[in-house]
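Below is one structure, written out as structure tokens; comments come after it.
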Amino acid sequence: MKILIVGSGGREHALAWKIAQSPMVKKIFCAPGNPGIAEVAECVDIEAENIDGLYNFAVKQKIDMTVVGPEDALIAGIVDKFKDGHLNIFGPGKRAAIIEGSKAFAKTLMRKHDIPTADFKVFEDLKQAKKHLTACEFPLVIKADGLARGKGVFVCKTPEEAGKHLDGIMKEKIFGCAGDKVVIEEFLAGEEVSILAITDGNTILPLPSVQDHKAVYDSDKGPNTGGMGAYSPVPLITEDMHLSIEENILVPVIHAMKRENRTYRGVIYAGLIITSAGPKVLEFNARFGDPETQVLLMRMKSDLVPLLLSTAKNTLEEVEIEWHDCASVCVVMTSKGYPDAYEKGFSISGLDSIKALDNVQVFHAGTSMKDGKVITNGGRVLGVTALGKNIPEAQKAAYGAIQKLSFEGAYYRRDIGAKAMHQKKK
Ligand code: AMP
Ligand code: GLY
């Protein structure tokens, strides 16, 4: 088979690494890819948002299966275009990907179908949104409706702070039309966990629990990022809680989408918060998480390709997923300054020394090649991902590997996985 992967981050490198192990696969292309991905795939110079370019490439190369990493292409309708052309593609169509593309849509769907989530109201008018603040308890959370690269959510402690963010989103339009609507919602306290599931719209196969670390600094301080690291499994998510998340969140949302004539196929990512009243949904994403996918795919024993194919062909009920009975930790190395401004172009050393370690993979994210050398080219640069018998061992292996890697201004959190050690099972 020939596979095309769309995207260029650590998530796509992990997908390429896993897919390359399948005996079913002869050739992998990745658009646009990165130097790490280039070790297992042929990178082609087509941007992830260029749907027509990707489609024409897939037709010309007779691609058997396309896998889409980032949300933009999904929300813009890449899956519909490929399906209209009778090409296999993994991911939800445009009507289903709206579950990530519009927070107002997702919240309204959850309310209608009794899926546990924070209480909320949607506003299209700035004055009315501000008036609503006078009746709210603080802290509360303000969210731009559309895609905002993970920057459109504000936890506000005071009405003044909330008013300032409403102005930014709705008046100054800092996120463009993504701020035409806002969601104002109740603040929830608890640990955050990601539960992803693969579904063809009928069968739902939940993946093991995983915890991202969104804040840039240790102890969850500082601004949110795309994700500074992840670990799996999450001790807090007992087997019973995992089952209850499947029953009360994953199954209802997939059925709800079907009833709304928005059949969902692909991977659904539930961003959850485990409150004292049980798990509640913060958001749904229409794609694999990053860095969640790095740890999950390291733990996956089964071949990923039959899973992807069965999802695209609606035959997932015939498939089971096996997992390695171990833990995984991914520590993201970033450029100094991320998630704000940062410099690029620094040479990365030590990558070859990691290749000898069989329990560690370094997934490239923001890297590129210059004069035959791998250099930094983004905020999140590398995802150093390790397996171990348990979280402490995986953690030790990941941080051990990091000591061998360096580039100017390299930064990483020192506490990825530490929360697993303090969690009490609920
Ligand atoms: P979202 O994109 O909706 O997942 O929000 C991004 C981040 O904002 C989450 O990972 C949480 O840390 C925080 N957040 C979002 N909604 C809430 C909420 N209702 N209560 C507390 N924190 C929240
Ligand atoms: N790690 C967060 C995300 O993929 O959205």
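The values are calculated or read from the model by the stated rules, or taken from the named source; none is laboratory data. Computed from a predicted model, the values in this text were never measured in an experiment. Reconstructed Cβ throughout: ideal geometry from the backbone, glycine too, with neighbour counts over all protein chains shown. Surface accessibility is based on the protein's heavy atoms, side chains included, excluding ligands, DNA and RNA. Shrake-Rupley method; radii C 1.70, N 1.55, O 1.52, S 1.80 Å.
Calculated accessible area for the range 217-354 comes out at 40 Å² per residue, all protein chains present (probe 1.4 Å; ligands, DNA, RNA ignored). Here's how it looks for VAL374: its modeled amide H is under 5 Å from those of ILE348, which are all 5 or more places away or on a different chain. Projecting the Cα atoms of PRO206, VAL44, VAL153 onto the charge dipole of the chain, computed from C-beta unit charges around the Cα centre, puts VAL153 farthest toward the positive end.
Between the alpha-carbon centres of the range 24-75 and the range 406-423 there is a gap of 31 Å.
Between the beta carbons of VAL155 and HIS86, assuming R0 = 45 Å, the FRET efficiency works out to 0.50 to the nearest 0.05. From helices alone, the chain scores -7500 deg cm²/dmol at 222 nm; the rule is -39500 (n - 2.57) for each run of n ≥ 4 DSSP H residues, then divide by the residue total. A dipole drawn for the range 1-123 from +1 and -1 charges on Cβ atoms has a positive end, and of VAL79, GLY53, PRO35 the residue lying farthest that way is VAL79.
For the chain, a simple Cβ point-charge model (Lys and Arg +1, Asp and Glu -1, everything else neutral) yields a dipole of about 320 debye relative to the Cα centre. Evaluating 6.51 cos²θ - 1.76 cosθ + 1.60 at θ = phi - 60° for every residue in the range 344-351, the Karplus couplings come out as 10, x, 8, 6, 9, 10, x, 4 Hz, glycine and proline recorded as x. Once you sort the root eigenvalues of the Cα gyration tensor of the chain as a ≥ b ≥ c, which label holds: rounded (a/c under 1.5), prolate (a/b larger than b/c) or oblate (the other case)? Rounded, since a/c falls under 1.5. Using θ = phi - 60° in the Karplus curve 6.51 cos²θ - 1.76 cosθ + 1.60, the 3J(HN,Hα) couplings for the range 213-223 round to 10, 7, 6, 6, 9, 4, 6, 6, 9, x, x Hz; x is entered for Gly and Pro. Annotation: extensible slack from SER349 through ALA135 equals 71.5 nm (criterion: 0.36 nm per residue apart, minus Cα-Cα distance).
Listed values for the range 320-328 are Karplus-derived 3J(HN,Hα) couplings in whole Hz (6.51 cos²θ - 1.76 cosθ + 1.60, θ = phi - 60°), namely 10, 10, 9, 10, 6, 7, 7, 10, 9, and x replaces Gly and Pro. Taking a ≥ b ≥ c as the square roots of the eigenvalues of the alpha carbon gyration tensor, the range 161-277 is oblate, as a/c is not under 1.5 and a/b does not beat b/c. Among rounded, prolate and oblate, which fits the range 1-131 when a ≥ b ≥ c are the square roots of the eigenvalues of its C-alpha gyration tensor, a/c under 1.5 means rounded, and a/b larger than b/c means prolate? Prolate is the answer for the range 1-131, as a/c is 1.5 or above and a/b outweighs b/c.
For ASP52, the accessible area of its heavy atoms, probed at 1.4 Å with every protein chain present, is near 90 square angstrom.
Once all protein chains are placed together, SER194 keeps about 10 Å² accessible to a 1.4 angstrom probe.
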